[in-house]
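The structure appears below as structure tokens.
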């Protein structure tokens, strides 16, 4: 067992007044969370991870735009259905026994429509039922 | 018995360093530290003596001389209103299980300065 040693730093420069504590499990501190880089600007369907999460913690989010969800991985996923704009998201991480739980992190996520070049975004796909070719433009 | 480790002057910012091998950034939430007046002729505060002041606590990283720990600070404005004399100081630590440890105390002698 290690001992936690606590001492006054006297004006003389000496450490005095030793107090020892049987070392208890170090309290885990929750830090800032972030989305993997691709998650900060969304243009189309994408997914990634939530970085900085402590092992065993739970994460909830408020302010998510339509189409953006978080999961227990912990990660995030975007289905491409959100409206363009800037969204302020608050991630709340909780962990039992942590000194600073719950801990919140504010993140701004931008949704931008993909660049639409002539014909660039035409998506040709064959219908399984009719055999017809359908073309849809996605933004 | 506590030892007089610090001589400070009324009206100055009081800073006192503590070395704590278990200190963690953010762990200030688990710490409290107060000054309690020691009446003349006594070696410890009377049980009913209230806190004279509460110290602000901040994590102090290791430097070339001392390991990690805490920096206890009392603003000059708060120090000015304290009567000169002897004060007991300690550090109370509450861990996440609720266990409480109070470190061995020290005495701060607050002297009257020439310039206020």
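The values are calculated or read from the model by the stated rules, or taken from the named source; none is laboratory data. What you see is a predicted model, and the numbers here were worked out from it, not measured in a lab. So basically every Cβ, Gly included, is an ideal-geometry build from the backbone, and we count neighbours across all protein chains shown.
Looking at the stretch A:22-42, which of the residues that are at pLDDT 85 or above and crowded, with 17+ Cβ neighbours inside 10 Å is nearest to residue A:114 (Cα to Cα)?
The residue in question is A:42.
State whether the residues of the stretch B:34-52 include one that is buried (at least 16 other Cβ atoms within 10 Å of the Cβ), within 14 Å of another protein chain (Cβ to nearest Cβ) and without any contact (Cβ under 8 Å) to a residue 60 or more places away in the chain.
No, because not a single residue in the stretch B:34-52 is buried (at least 16 other Cβ atoms within 10 Å of the Cβ), within 14 Å of another protein chain (Cβ to nearest Cβ) and without any contact (Cβ under 8 Å) to a residue 60 or more places away in the chain.
Do you know which of the residues in the stretch B:71-95 that are buried (at least 16 other Cβ atoms within 10 Å of the Cβ) and more than 17 Å from residue B:108 (Cα to Cα) is modelled with the highest pLDDT?
B:93
Go through the stretch B:58-116 and count every residue that is out of contact with any strand residue (DSSP E or B) (no Cβ under 6 Å at 6 or more places or on another chain), assigned to a strand (DSSP E or B) and in contact (Cβ under 8 Å) with a residue 60 or more places away in the chain.
Qualifying residue count for the region: 0.
Of the residues A:56, A:80, A:63, which is on the phi > 0 side of the Ramachandran plot, loosely packed, with under 14 Cβ neighbours inside 10 Å and either more than 14 Å from chain B (Cβ to nearest Cβ) or touching a helix residue (DSSP H, G or I) at 6+ places or on another chain (Cβ under 7 Å) (or both)?
Sole residue among the options that is on the phi > 0 side of the Ramachandran plot, loosely packed, with under 14 Cβ neighbours inside 10 Å and either more than 14 Å from chain B (Cβ to nearest Cβ) or touching a helix residue (DSSP H, G or I) at 6+ places or on another chain (Cβ under 7 Å) (or both): A:56.
Which one of these is in contact (Cβ under 8 Å) with a residue 60 or more places away in the chain and closer than 29 Å to residue A:2 by Cβ: B:55, B:31?
Of B:55, B:31, the one residue that is in contact (Cβ under 8 Å) with a residue 60 or more places away in the chain and closer than 29 Å to residue A:2 by Cβ is B:31.
For the stretch B:25-33, does any single residue satisfy the condition of being outside any strand (DSSP E or B) and within 13 Å of the chain's Cα centre (by Cα)?
There is at least one residue in the stretch B:25-33 that is outside any strand (DSSP E or B) and within 13 Å of the chain's Cα centre (by Cα).
Which residues, counting only those in the stretch B:7-29, are surrounded by 18 or more Cβ atoms within 10 Å (Cβ to Cβ) and within 11 Å of another protein chain (Cβ to nearest Cβ)?
B:8, B:16, B:17, B:18, B:19, B:20, B:22, B:23, B:27 - these are the residues of the stretch B:7-29 that are surrounded by 18 or more Cβ atoms within 10 Å (Cβ to Cβ) and within 11 Å of another protein chain (Cβ to nearest Cβ).
I want to confirm something. Restricting to the stretch A:87-121 and keeping residues that are farther than 27 Å from residue A:57 by Cβ and surrounded by 11 or more Cβ atoms within 10 Å (Cβ to Cβ), which single residue is modelled with the lowest pLDDT?
A:121
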